[in-house]
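One structure is given here, and the rest of the page talks about it.
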Amino acid sequence: MSTSTAFEWLCGELESATELDRLASRGTVRIALKQAGLDPNAATADQISVVLQRVLPGELGSRGIEAADGICSEIAARISQAPIEDSTHDSPEAVFRRLGG
Amino acid sequence: MEFVVVAQALTGALYLLTTLIIGSRLIMLARRTRQLPEFLLGGALLLGGILAGPLEAASVTLRGETAPSLAGTLLLAGKIAGLGALICHAEFIRRVFRPRERWAWLLVAVMVSCPLATFYGFNAHGAFATSPIPWNWFWLDLSVRIAASTWLAAEGAIYYGMMRRRLRLGLADPLVTNRFLLWTIAGCLSIVMLFTSVPPMFLDRATAGNLLVLDLFVFSIAGVGVSALYFLTFLPPESFRRWIGTTSEAVN
């Protein structure tokens, strides 16, 4: 089962910008996404952007990462140029939006 | 007893009307959007609610009367429609909630295989001709239907939890979030309907009248609940949309 390109991109950015290793950065992003009610397999660039602003700084802070707000802002500023592809699958949210008109 | 039977007939009619309206609307939506989920759900509602349920109920009624061969034919037609409904139902859940998981494919395959096996069992015992229903096969058939409704309600509940967390971050629409809650409750009430549809096939009116009244009462309440929830989920009136929006703003 493959994770979304947005998830993979964020994990890579976090690994480069902090002292977290690959495993720790992926775990941290997974926890942040879970707190936001998002699925790592289907997260989109817009959703990742909100997670970077509202959830991830707190998660990084709790892991002793200094200047977490600044790191997240820098990563968020690069998200529009990131090679992120939206999922080809319809999310349950999109399906239920259509079903109710 | 008579009052409860009349109430059950009325709620049954309401349920049929609801599934007809919602199912037809979803099929029309599928024609417009050319998307499979709305087609599968519309198909499940029409095949299950309009054909399978009434045909099987008519078969049970006629079986004890004077037309056992007609009852057998109706049972066969009901089972075929029920199988179609189950395929649509299970594939809708897999496609929408678990498109990437292999176990979901396996679960759908098991869910479709069991009713196919019951076709063999029913036929081998002559239930599609004039013989009584073989209960072992009946229980297997019912278990699969309950499992499908349980899967549906569970996926709805899990996704509702995720949508509530998204809503707090402004990542979700309150009305769509609420739709998952309504869907989950409707799924739970459908399970109640399935369970309460069984006792009338076993219990005798003369000796277990009170229990039958209670059973029909619960069945009717669940039927009304499912009908109302389907309307709010798939055809929400403007006042309901406004109410959900206002409530969400107040909470936030």
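Every number in this text was worked out from the coordinates using simple rules, so none of it is lab data. Quantities reported herein were computed from a predicted structural model and do not represent experimental measurements. A quick note on method: Cβ atoms are made from the backbone with ideal geometry, for glycine too, and the neighbour counts reach across all protein chains shown.
Summary table below
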read-out	value
Taking B:195, B:202, B:97 and counting other C-beta atoms within 10 Å, the order from fewest to most	B:202, B:195, B:97
Partner chain coverage, peptide B:158-169 - average Cβ within 10 angstrom	4
Structure-based [θ]222 nm, chain B - -39500 (n - 2.57) summed over DSSP H runs of at least 4, per residue, nearest 500	-28500 deg cm²/dmol
Ascending count of other beta-carbon atoms within 10 Å, so fewest first, for A:98, B:102	B:102, A:98
Helical mean residue ellipticity (222 nm; -39500 (n - 2.57) per DSSP H run of 4+; nearest 500) of chain A	-18500 deg cm²/dmol
Cα-Cα separations in the range B:96-252 greater than 19 Å, expressed as whole percent	68 percent
Listed residues B:33, B:196, B:177, most fluctuating in chain B (Gaussian network, C-alpha, under 10 Å)	B:33
Residue B:164 versus residue B:60: modelled label distance in nm, points set 7 Å from Cα along the beta carbon direction	3.5 nm
Where labels lie 7 Å past Cα in the beta-carbon direction, separation of residue A:74 and residue B:28 in nm	5.6 nm
Radius, Kirkwood style, for the protein assembly as shown when every pair of distinct Cα atoms is counted (Å)	22.8 Å
Largest-first principal axis extents of the Cα set of chain A (Å)	46, 25, 23
For chain B, built as a Gaussian network whose Cα springs stay under 10 Å, the top-fluctuating residue of B:28, B:111, B:201	B:201
Sequence of B:215, A:86 once ranked by neighbouring C-beta atoms within 10 Å, starting from the fewest	A:86, B:215
Peptide-level mean, for B:113-125, of C-beta atoms on other protein chains within 10 Å	0
Fluctuation leader among B:120, B:160, B:15 - chain B, Gaussian network, Cα springs under 10 angstrom	B:120
Shielding by partners, peptide B:31-39 (average Cβ within 10 angstrom, other chains)	2
For q = 0.11 Å⁻¹, Debye-computed log10 I/I(0) when each Cα of the range B:1-89 counts as one equal scatterer	-0.38
